[in-house]
Amino acid sequence: MPTSPSDFPVAATQPRHRDTVEHWMRQFQDWLCRQLEAADGLGRFQEDAWQHHSGGGGRSRVLTGGHIIEKGGVNFSAVEGTMSEQAARVLLMPDPGYFATGVSVVQHPRSPLVPISHMNVRYFEAANGEAWFGGGLDLTPIYVDVAQARWFHEQIAEACAQHDATYYPRFKQWADEYFFLPHRQETRGIGGLFFDRLAVGKDGSFDELFAFVRAVGEIYGRTYVTLMRQNAALPYTEQQKQWQLVRRGRYAEFNLAFDRGTRFGLETGGRTESILMSLPPQCEWHYNLQPQPGSPEAATQQWLQKGIDWLTDPPVTA
């Protein structure tokens with residue numbers, strides 16, 4: 001059994017790039033679920049297979065009631081069809097005919113000291129022949145641990161450097177811009193990577209871009225499992241749990257108002273339960289809630305801004 005996504009056979013006996021990527025995405029979903037289940041120690045993912053109305057389908061896997069993970073999802077999909085002209089314009093599609101496959105992940109832990117995490121990797125082909133990859137990963141700590149934030153960014157920077165020296169600074173900045181709530185003037189968390197429309201041919205060969213996407217999936221699994229195991233047993237207070245519910249509310253605001261994956265799924269008639277899997281099991285909103293000056297909550301708020309260089313010690317702002 002492969003112990004890493006890098007071990008999966010991707011050399012094509014299959015004739016088309018889309019088949020090669022879809023095959024890997026299925027295997028990656030299986031591998032990641034095993035890693036998360038082993039780290040949690042109690043919870044097990046339940047699978048819900050579904051069909052898309054215009055072709056293809058997916059496997060939604062959700063874990064609830066785990067030892068560490070309160071609610072988590074690892075979704076695979078491979079769908080095709082023809083979207084409306086309006087949807088194609090909104091999504092900047094060069095042709096309304098499309099094929100899309102990917103894995104989307106969100107984990108909401110029980111403890112406010114274990115960060116919320118997100119990752120997705122995806123591949124699109126338009127009917128006119130254009131093809132591209134996209135994806136990203138990021139952490140949303142309820143309380144920012146500066147040492148862990150730096151370690152997380154070191155791990156993803158190293159993974160990027162093995163493929164292209166420009167990837168980390170480019171995609172880290174893109175993540176800062178993307179995972180941002182403009183109405184709050186704050187980032188969703190400590191960022192990570194975000195990249196979209198890495199075009200086959202223009203931005204690299206299929207093999208080069210696919211190798212990078214596989215590396216993103218693997219480094220997510222390795223880093224998040226490590227953080228789960230490091231933080232899950234730390235004691236926390238009821239006040240910290242209440243702050244977690246508030247921060248979960250901000251997470252929900254981003255996913256419902258700004259997330260491109262949510263928009264794509266809804267615009268193309270995707271499965272609602274799978275699209276909204278990313279939302280937390282519970283969250284709260286309080287009118288004009290402001291952290292007490294000097295509190296741990298206020299300290300975390302100060303880190304929720306663009307341009308922080310997490311690779312320096314101590315981190316600095318741009």
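Yes/no matrix, rows are residues, columns are (1) hydroxyl-bearing (Ser, Thr, Tyr); (2) open to solvent by less than 60 Å² (accessible area, probe 1.4 Å):
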| site | (1), (2) |
| --- | --- |
| Asp207 | no, no |
| Arg214 | no, yes |
| Val225 | no, yes |
| Thr237 | yes, no |
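When Leu113, Leu42, Leu91 are checked against the criterion of being farther than 27 Å from Arg214 by Cβ, in contact (Cβ under 8 Å) with a residue 24 or more places away in the chain and surrounded by fewer than 20 Cβ atoms within 10 Å (Cβ to Cβ), a single residue qualifies: Leu42.
With respect to (1) touching a strand residue (DSSP E or B) at 6+ places or on another chain (Cβ under 9 Å); (2) crowded, with 20+ Cβ neighbours inside 10 Å, the lone exception for Phe180 is condition (2). Scanning the range 17-29 for residues that are touching a strand residue (DSSP E or B) at 6+ places or on another chain (Cβ under 9 Å) and open to solvent by 50 Å² or more (accessible area, probe 1.4 Å), which turns out farthest from Gly129 (Cα to Cα)? Selected residue: Arg26.
The residues listed here are Tyr236, Tyr251, Tyr287; of these, the one that is out of contact with any His (no Cβ under 6 Å at 6 or more places or on another chain), in a loop (DSSP other than H, G, I, E, B) and closer than 24 Å to His67 by Cβ is Tyr236.
For the range 96-198, the strands (runs of 3 or more DSSP E) that sit wholly inside it and include 3 or more residues that are more than 30 Å from Gly55 (Cα to Cα) are 131-140.
Is it true that some residue in the range 159-171 is modelled with pLDDT of 95 or more, within 21 Å of Thr300 (Cβ to Cβ) and under 18 Å from the mean Cα position of the chain (by Cα)? No. Within the range 132-147, the set of residues being hydrophobic (A, V, I, L, M, F, W, C) and buried (at least 19 other Cβ atoms within 10 Å of the Cβ) comprises Trp132, Phe133, Leu137, Leu139, Ile142, Val144.
Failed condition for Arg59, given (1) part of a strand (DSSP E or B); (2) open to solvent by less than 20 Å² (accessible area, probe 1.4 Å); (3) without any contact (Cβ under 8 Å) to a residue 40 or more places away in the chain, with all others met? Only one criterion in (1) part of a strand (DSSP E or B); (2) open to solvent by less than 20 Å² (accessible area, probe 1.4 Å); (3) without any contact (Cβ under 8 Å) to a residue 40 or more places away in the chain is unmet by Arg59, namely (2). Within the range 249-277, the residues that satisfy the criterion of being free of Cβ contacts under 8 Å to residues at least 40 places away in the same chain and in contact with a Cys (Cβ under 9 Å, 6 or more places away or on another chain) are Gly249, Ala252.
Among all positions in the range 201-213, there is at least one residue which is charged (D, E, K, R), within 18 Å of Phe28 (Cβ to Cβ), free of Cβ contacts under 8 Å to residues at least 40 places away in the same chain and assigned to a helix (DSSP H, G or I). Of all residue pairs spaced 6 or more apart or on separate chains, those with beta-carbon atoms under 7 Å, a first member in the range 188-199 that is over 16 Å from Val146 (Cβ atoms) and a second member that is open to solvent by 10 Å² or more (accessible area, probe 1.4 Å) and part of a loop (DSSP other than H, G, I, E, B) are Ala199/Glu130.
The values are calculated or read from the model by the stated rules, or taken from the named source; none is laboratory data. Predicted model, so just to flag it, every value in this text is computed and none were measured. Ideal geometry is used to build each Cβ from the backbone, glycine not excepted, and the neighbour counts take in all protein chains shown. Just the protein is used for accessible areas: all its heavy atoms, side chains included, with ligands, DNA and RNA removed. Shrake-Rupley method; radii C 1.70, N 1.55, O 1.52, S 1.80 Å.
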